[in-house]
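Below is one structure, written out as structure tokens; the observations come after it.
The values are calculated or read from the model by the stated rules, or taken from the named source; none is laboratory data. Values in this document were obtained by computation on a predicted structure and should not be read as measured data. Quick reminder, even Gly has a Cβ in these numbers, built from the backbone with ideal geometry, and neighbours come from all protein chains shown. Calculation scope for accessible area: heavy atoms of the full protein, side chains included, ligands and nucleic acids excluded. Shrake-Rupley method; radii C 1.70, N 1.55, O 1.52, S 1.80 Å.
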Amino acid sequence: MRIPSKCKAWAGQMDAGEAEGKILQNIKSDACIEKEREEKFFKLLIESDSPKDAEEARKQAINIVEKDKEYFTCSGDEVPSDIFKLLLRFQRPSSIGHSMPADKKEELFAKFGITSYNTANEEEEDFPLEYEDLKIITDEYDGDVVLGNKKSLDIVWVADFNNCESLLSGVRDLLIILGLDTLLNEKKDMCLILQYTRSKLVESLHVPRAFDGIGSPQFQVQSDCDAYHGITKPLENGYDGLPEAIHRGCKVKLEVFDVRRIE
Amino acid sequence: MISQEEVINNLDRHTPEQIYELVVSGFKGEGFFPVQGGWIEEPPEDAFIQIYRCNEISEEIRDSIIKGCIYLYERVFNFLSLSSKERIEKKELVQKLITLCRFVDIAKPNELEGQAKSILRFALEVQYLEPKILGAVIRAARRYSQSGADIPIWEDIIKRKNFSAYAFQALLKIDPYYESIEDHLIDLWRHQIQDGWPINVPFLARRMAQQQDSNDSIIRVLRAIQLEDNILWKKIRTNLLSNTWTEKWVESAESSEIEKQTVKSITDYIINKKEMSYLEYDDDYKIGLHKVLESEEIDPLYLYIHVVGKIDDEKRIMVHTITAQSPLTDELKERTFKTAFDENIDYLMKSIQKTFEEEPEQLIWGDTINA
């Protein structure tokens, strides 16, 4: 996308920030977004006040996409059906409660006599749940898992299991390659692993584009408009990244819902 | 949970008055914080949790959150006073109450301890209160430090099938060695297996062991269940053997050391059986009795019953060992003492009682020892 001259102040602020600079680079590199979407995005950006810093510039961009997420996101080509047959995703342990439908979550947590606190708390030490506890909880859970967050962009990022399988023995390395720094910074040193077959997914799988990654500096947009998938930007140099795709938030029955140690 | 830094960076867009309004409106914080890719799953109230936890926020902001919560709590008291039908009609307030409880559950503001505990006491008195409301209130109140004075509340809640696991964990938190904790675990196991209560007792047992830093309590509980209700034990046993993390409990409960423990339990069983009222005992007798048992070797071909006699004039404890050869000796040879005992406890007890009453000379009596 070409940045209109009226948005140069905004682009200048974005360029000044480390994460924002990467997001701006994605926007610039993406020549595959429909003209209509592109024009609407920049029109709304022009209507915004001049941002005072990189953070504000990023918020403006996110707000535009967030307010009309149905229009701006998941607009990339559909990923061919013969790849990404098994989807892989990692989440924070604290998201375990949010990953289950409310009624199922209450039922499950009541069974164990634990509260949201036990899973969400990462700083205080008060009867915390350990790795084995979480493993028992995930083993017991057999319902649908809620993916995405309706209240924000509601995009679900997934990796292709086939490309990750050989790396699963070293979860830390895989998280680095997938650019998941938030999980690496978890004090619990563990993460949830979610696997589900694409055929079970009611939502279509898309190649992520720049608007999908508007809040995600770890994503590197594919400049090739015929690309079959997106690509991650690893946290450390020396890696090529891994194929990534997106779909809208939904409920899905998983093949694997487990806890892994980050070692 | 969303990072504190991300939320605090967004705070400058809001005045304390706006924060108060956001809390009162049910922690409506959409758009409060930036989205990081697709990886943040948490609901908006988590932003308020992080704000409240941050040491660097101004007192005005913190106060506005607490004032908003207190206002919501006042509305909750009024709400709980309504009839069941009226409560159902106020769906929006139900959601606000649940969100408020989640905030308290995680942020645990000291200023709200009184409200959280008061609302729980109040809620327990409300008839036909919707389980999701009571559950939210229980979870929030449980977050605060509990003391012995709170035990009656949790003893009440442990009898409610949907919340008994919360109560067990709360009692564990008050005192992992609480005197009735093992009895509660036995009751919960019975309720889970026989009444279909939605609880995971092995998980609770494991939490107890974690807190006590020992599996001894679990093993004692399982042995007590074996003695009291063999049908229940078989179901629990099957359940425990299906998990790698619980099968070792079965091994311990059925290990070669079991006989000595079992004899102790048999003795307690007899002593506690009301129909054998001719046995006189008190705690001193039990202590003496256990001293004897600890020094004995157990022969699995015989059923040893220890009967406590009376204290004589010289203040000695009369401990008699009855060695009753079971009519089922041949079967006992084929199987373990424990298994045979489990399957024939009623028959054996009746047999011994009958012999005791009609042919006491058939029983082999042990020595009297000094206490």
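Summary table below
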| item | result |
| --- | --- |
| Selection within region A:67-98 - closer than 17 Å to A:Met190 by Cβ, out of contact with any Leu (no Cβ under 7 Å at 6 or more places or on another chain) and not aliphatic (A, V, I, L, M) | A:Ser94, A:Gly97, A:His98 |
| Members of region A:28-53 that are in contact (Cβ under 8 Å) with a residue 12 or more places away in the chain and either assigned to a loop (DSSP other than H, G, I, E, B) or more than 14 Å from A:Ile64 (Cα to Cα) (or both) | A:Lys28, A:Ser29, A:Asp30, A:Ala31, A:Cys32, A:Ile33, A:Glu34, A:Ser48, A:Ser50, A:Pro51, A:Lys52, A:Asp53 |
| Flag for B:Trp197 being aromatic (Phe, Trp, Tyr), open to solvent by 30 Å² or more (accessible area, probe 1.4 Å) and at pLDDT 95 or above | yes |
| Wholly enclosed strands (runs of 3 or more DSSP E) of region A:174-263 bearing at least 3 residues among the hydrophobic types (A, V, I, L, M, F, W, C) | A:190-197, A:256-261 |
| Condition met for A:Leu183 (open to solvent by less than 10 Å² (accessible area, probe 1.4 Å), within 30 Å of B:Thr244 (Cβ to Cβ), within 14 Å of chain B (Cβ to nearest Cβ) and modelled with pLDDT of 90 or more) | no |
| Every residue from region B:46-87 that is among the basic types (Lys, Arg) and at pLDDT below 90 | B:Arg53, B:Lys85, B:Arg87 |
| Residue within region B:200-209 that is within 18 Å of A:Leu108 (Cβ to Cβ), at the interface with chain A (Cβ under 10 Å from one of its Cβ atoms), touching a Phe, Trp or Tyr at 6+ places or on another chain (Cβ under 8 Å) and open to solvent by 10 Å² or more (accessible area, probe 1.4 Å) present | yes |
| Given (1) closer than 21 Å to B:Gln210 by Cβ; (2) among the hydrophobic types (A, V, I, L, M, F, W, C); (3) open to solvent by 30 Å² or more (accessible area, probe 1.4 Å), index of the condition B:Ile158 fails | (3) |
| Residue count for region B:38-86, restricted to those that are assigned to a helix (DSSP H, G or I) and within 14 Å of chain A (Cβ to nearest Cβ) | 8 |
| Among the residues listed as A:Tyr196, A:Tyr239, A:Tyr228, the single one being under 17 Å from the mean Cα position of the chain (by Cα), away from chain B (no Cβ under 13 Å) and either of a type in the set (Phe, Trp, Tyr) or more than 18 Å from A:Phe84 (Cβ to Cβ) (or both) | A:Tyr196 |
| Residue list for region B:71-86, filter: free of Cβ contacts under 8 Å to residues at least 40 places away in the same chain, open to solvent by less than 100 Å² (accessible area, probe 1.4 Å) and under 17 Å from B:Ala116 (Cβ atoms) | B:Arg75, B:Phe79 |
| Residue match in region A:50-66 (condition: open to solvent by 50 Å² or more (accessible area, probe 1.4 Å) and either among the hydrophobic types (A, V, I, L, M, F, W, C) or away from chain B (no Cβ under 12 Å) (or both)) | yes |
| Hits in region A:74-111 - residues which are assigned to a loop (DSSP other than H, G, I, E, B), small (Gly, Ala, Ser) and either away from chain B (no Cβ under 11 Å) or touching a residue at least 40 places away in the same chain (Cβ under 8 Å) (or both) | A:Ser75, A:Gly76, A:Ser81, A:Ser99 |
| Residue ID - farthest from B:Gln226 (Cα to Cα), chosen from residues in region B:191-202 that are more than 10 Å from the chain's Cα centre (by Cα) and part of a helix (DSSP H, G or I) | B:Asp195 |
| Whichever residue in region A:124-167 is more than 30 Å from B:Val201 (Cβ to Cβ) and small (Gly, Ala, Ser) and, among such residues, is most open to solvent (accessible area, probe 1.4 Å) | A:Ser166 |
| Residue under evaluation B:Leu188, criteria (1) part of a helix (DSSP H, G or I); (2) modelled with pLDDT of 95 or more; (3) open to solvent by 20 Å² or more (accessible area, probe 1.4 Å), criterion not met | (3) |
| B:Gly31 at pLDDT below 90 and in contact with a strand residue (DSSP E or B) (Cβ under 6 Å, 6 or more places away or on another chain) | no |
| Any hit, region A:112-131, residues being within 30 Å of A:Glu165 (Cβ to Cβ), outside any loop (DSSP other than H, G, I, E, B), over 20 Å from the mean Cα position of the chain (by Cα) and modelled with pLDDT of 85 or more | yes |
| Filtered residue count, region A:132-150, keeping only those that are touching a helix residue (DSSP H, G or I) at 6+ places or on another chain (Cβ under 9 Å), at the interface with chain B (Cβ under 8 Å from one of its Cβ atoms) and either in a loop (DSSP other than H, G, I, E, B) or not hydrophobic (A, V, I, L, M, F, W, C) (or both) | 3 |
| Single residue of region A:210-219 satisfying the filter (over 14 Å from A:Val158 (Cα atoms) and not small (Gly, Ala, Ser)) that is farthest from the chain's Cα centre (by Cα) | A:Phe211 |
| Sole exception among (1) within 12 Å of chain B (Cβ to nearest Cβ); (2) out of contact with any helix residue (DSSP H, G or I) (no Cβ under 8 Å at 6 or more places or on another chain); (3) modelled with pLDDT under 85 for A:Val158, by number | (3) |
| Answer from A:Phe84, A:Phe90 - the residue that is modelled with pLDDT of 95 or more, buried (at least 19 other Cβ atoms within 10 Å of the Cβ) and among the aromatic types (Phe, Trp, Tyr) | A:Phe84 |
| Any pair with Cβ under 6 angstrom, 6 or more apart, that starts in region B:151-168 at a residue that is facing chain A (nearest Cβ under 10 Å) and ends at one that is open to solvent by 60 Å² or more (accessible area, probe 1.4 Å) | B:Asn162/B:Pro131 |
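Yes or no, residue by residue, for (1) within 13 Å of chain A (Cβ to nearest Cβ); (2) surrounded by 20 or more Cβ atoms within 10 Å (Cβ to Cβ); (3) within 27 Å of B:Ala149 (Cβ to Cβ):
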{"position": "B:Ile88", "(1), (2), (3)": "no, no, no"}
{"position": "B:Gln95", "(1), (2), (3)": "yes, no, no"}
{"position": "B:Cys101", "(1), (2), (3)": "yes, yes, yes"}
{"position": "B:Leu112", "(1), (2), (3)": "no, yes, yes"}
{"position": "B:Lys117", "(1), (2), (3)": "no, no, yes"}
